[in-house]
Every structure is written in structure tokens, then in C-alpha cells.
Amino acid sequence: MTSFSFLFALLFISRFLENSLLSAEVKDGEILPPTIQKLMKGYNKYLRPFFDNGPVTVGMSLDIASIDTISEINMDYTATIFLRQRWTDERLVFEGNKSLSLDGRLVELLWVPDTFIVDSKKSFLHDITVENRLIRIFPNGTVLYALRITTTVACNMDLTKYPMDKQTCTLQLESWGYNVNDVMFNWARGNESVSGLDTLRLAQYTVEDHYTSASEAVYETGNYPRLIFHFELKRSILYFILETYVPSSLLVVLSWVSFWISQSSVPARICIGVTTVLTMTTLMMGARTSLPNANCFIKAIDVYLGICFSFIFGALIEYAVAHFCTLHHPDCNSALMYGHHMHDCEEEMNGIVTTIASNSSRVKRRKDSVPASTGAGEPDLGPASEDKAPEGPPELFSRCAKNMSILRKILRSINCCHVENPHYIDNYSRLTFPLSFVFVNLLYWTYYLYF
């Protein structure tokens, strides 16, 4: 008995809900014009057009109202678009030569494509003062359906050349439930289906190019139609030149001022070196605040800031080296005396080598001047035998001369590496640092602008 009562109550509730829905439809029909009533009679919004006669073709067009933000940290952009979809429904054909513009709230009575934005992170339909929808029906059954949408779409960015980079972002439209056997998407007018970019003004970017394409998305549930809108953004570098590149270059030039300050002014030179290093560090940290903290690539701005930091740090190290040399050579006179001493040592070694060579030639001449009449068994007791030098092979003297020559070259090379005057270090730095910085800048800008 209990189960029978439960079934009876369930049947009563279902009958009540059915009557309520019917009464609601009658009320809706009563407020509709006769033409709309005729069109809606027997219309089933849950069935797509041409249900048994092939897929329905949906033509689309876009109007970009604005691109609000482009975030490198989140790698996305936020845009407000007007999406227009157009298709033909044979069930909505009526007589006449004028189109019917309906209230957007009547879209609930019609079949509409289940279009969605593929890479959208967050989207919403504007509803002030009412939902921003448009429905227009033409006599031949063509339906125009327009929406105003604000969406945040993911955009994979390559920041290797930041801030001289170009980014290509996409806006992809796809059918959620109807595959290519049910619905076909196409751009209504090709590349001209997207408008609004010519008058668009962005803070850091300029739109260089845009084009459209069509493809199919392949999933486990089937192949679905997809339309893709590509647009290329080029970053404006003027802001970064004024904000980062010029200050960092001026800091490098400021570090060169220490080359014209006396080496005895230790506080002044240390103050310039440490101040420029700390300022450069702060500038490097500030340049990275607007970029992703964790990334696997080195950006162009990081390379330039690293170059500037290296030159500033090198100027500080240069003074350390010059000051160290000054401590070992307190004045230039000692350096000159050291040079004269090395010159005297070199002349002394040249004299030793010359003496050894002259002795060798003298011994050889005495051997050749021995009289031929001297007997083989008679000893030579003359004065020449008393002055005779110790006999030795000629190779010994030539080897000695070579060793002396090698030693002389080694001492000359040591003398060249030695800093005779520490003030020469500053003189050389005044020329080498600016020339090196200009050369590195030429390589940097040539590579990142043209390659």
C-alpha cells in the first residue's frame, strides 16, 4: 500500500509540472507576435537545423573592441570582443522582405551553436543593462546571433628577446558538443572577418599583423571544428630604453670617472665604485619585477644588465689592482731605478757572453799558430805553451751562449710584465674600457635586432 501511494504521488507531481510548463509556453506564445508564433509552432530548439540532411554551416566574424591587459607574468591577455555567428535554419523561413530583430532574451527559444573559447581562463557575458545579445532572423531562415564577451585567454610567450620581442597570440573558437558531422565553422569573410585592430591602441605593443585559419580539433570523442585568429604583437622598446638601458649605460660611464681621480684619493674612488655597483644591483632587481620569477630562459635585458654590471665591477677591480701596484712601487723613481738595474744586468750578461766567445776564438788561433817543424815526440816548452787555455770542445761554448740567450729573453719578458708605473694602469683603462663597452654594445644590438 505504501509503494502504491508513493507512485501515485509521483505521478501527480509529474502531471502538475507538465501542466505548468504548458501554461508557461501558452503565456509566452500569447505575448509573441503572430509571425513569431507561427515560426515557433512545432519548433524544437533541442534539434539542430538540417538534422537529417548533413551538417549545418556556421559563419563567424569578430570585432575586437579592446585588449585591456597583456600579462607576461601570467602569460595571457584580456580582450573584449563582439562575436557574431550566422547560420541558416530551414524551420525559420517566413514570407516577407524584412528581417525580424528580436529581444535577446528570446534566444532561449532557438537553437544556437555551442561555441566556446578554447584557451579561455575566465570569461563573462556583459549584462548591463540587459544581457548583451542580439537575435535577427531573415526571411530565408538565416539567423544572426551576436554576443559581447570579455575573456582572458592564455598566450604562450617567448621572452628570450625581451624587450625586443614579438609575440603571436591566438583566439580559438570551437564547438563543444557537435563534431564535424553535425556543425561546420568558417570565417564569413576570410581575413576581413576580424575588425577593430586597425584602430586599437595598446600601452606597450603595436599590432603588426593578423590573419585567420580553420582547422579541426582531434579528441577521443571525435573531430570538432575550430577557427583560429592569429595576431602578432611587437613590443615598443622606447619605454625600456628610457627606463632601463639609458640609466644602466650612464652608470657604466659614471664608473669610469674614477680613472681620472688620483690613486691616492682612496675614499673617493672606493665610494664611486661601491655606489655604482649597488645602484646597478637595484636597477637589475627592479627590471625583473614585471617578469616571471621562475623561467628557463635568459632575456635580452638580463644580458645587457649583466654586461653593465661586469663593466662597473671591472672598474672597481681596476682600482684595486692599481692601488696594489702603488703599494709595491711607492714612487716612479724606484720604478726607473729598477729599470736601469735590469738594463745593467742585461749589459753584464752580454759582456760575459762576449768574453767567452773571444776566449774561444783566441784559443783556436793559438792552436793554428804552432810551428810545423816541431817534432812529434818533443814537448813544446815555449811561451805559447805557458799561456795555453784549457782545452775544451767548441760545442761547450756554443751551448753556453744559447743558455745565456734564453736567460736574457726570460728576463726581458719578466721585465715587460712588470708594471713600472702604476699610473699607466689608469691611462690604459681610460681607453680600453670605453672602446670595449662600445664594441660589446654593437654586438648586442646587432644580434638582438637583426637575428
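The values are calculated or read from the model by the stated rules, or taken from the named source; none is laboratory data. As the structure is a computational prediction, the values presented were derived from the model and not from experiment. Quick reminder, even Gly has a Cβ in these numbers, built from the backbone with ideal geometry, and neighbours come from all protein chains shown. These area figures cover heavy atoms from the full protein model, side chains too; ligands, DNA and RNA do not enter into them. Shrake-Rupley method; radii C 1.70, N 1.55, O 1.52, S 1.80 Å.
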Residues being open to solvent by less than 30 Å² (accessible area, probe 1.4 Å) and in contact (Cβ under 8 Å) with a residue 40 or more places away in the chain - total across segment 209-229: 7
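Can you tell me which residue is farthest from the chain's Cα centre (by Cα) among those in segment 83-102 that are closer than 21 Å to residue 60 by Cβ and in a loop (DSSP other than H, G, I, E, B)?
Among those that are closer than 21 Å to residue 60 by Cβ and in a loop (DSSP other than H, G, I, E, B), it is 99.
A quick yes/no check of all residues on (1) within 30 Å of residue 162 (Cβ to Cβ); (2) part of a helix (DSSP H, G or I):
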position: 213; (1), (2): yes, no
position: 216; (1), (2): no, no
position: 224; (1), (2): no, no
position: 244; (1), (2): yes, yes
position: 256; (1), (2): yes, yes
position: 259; (1), (2): no, yes
position: 263; (1), (2): no, no
position: 270; (1), (2): no, yes
Cβ pairs under 6 Å, 6+ apart, first in segment 176-193 and free of Cβ contacts under 8 Å to residues at least 60 places away in the same chain and within 17 Å of residue 50 (Cα to Cα), second surrounded by 16 or more Cβ atoms within 10 Å (Cβ to Cβ) and of a type outside the set (Val, Ile, Thr): 179/224
Some residue of segment 226-242 being outside any strand (DSSP E or B) and among the charged types (D, E, K, R): no
Those residues of segment 60-87 which are buried (at least 18 other Cβ atoms within 10 Å of the Cβ), farther than 16 Å from residue 147 by Cα and among the polar types (S, T, N, Q), in sequence order: 78
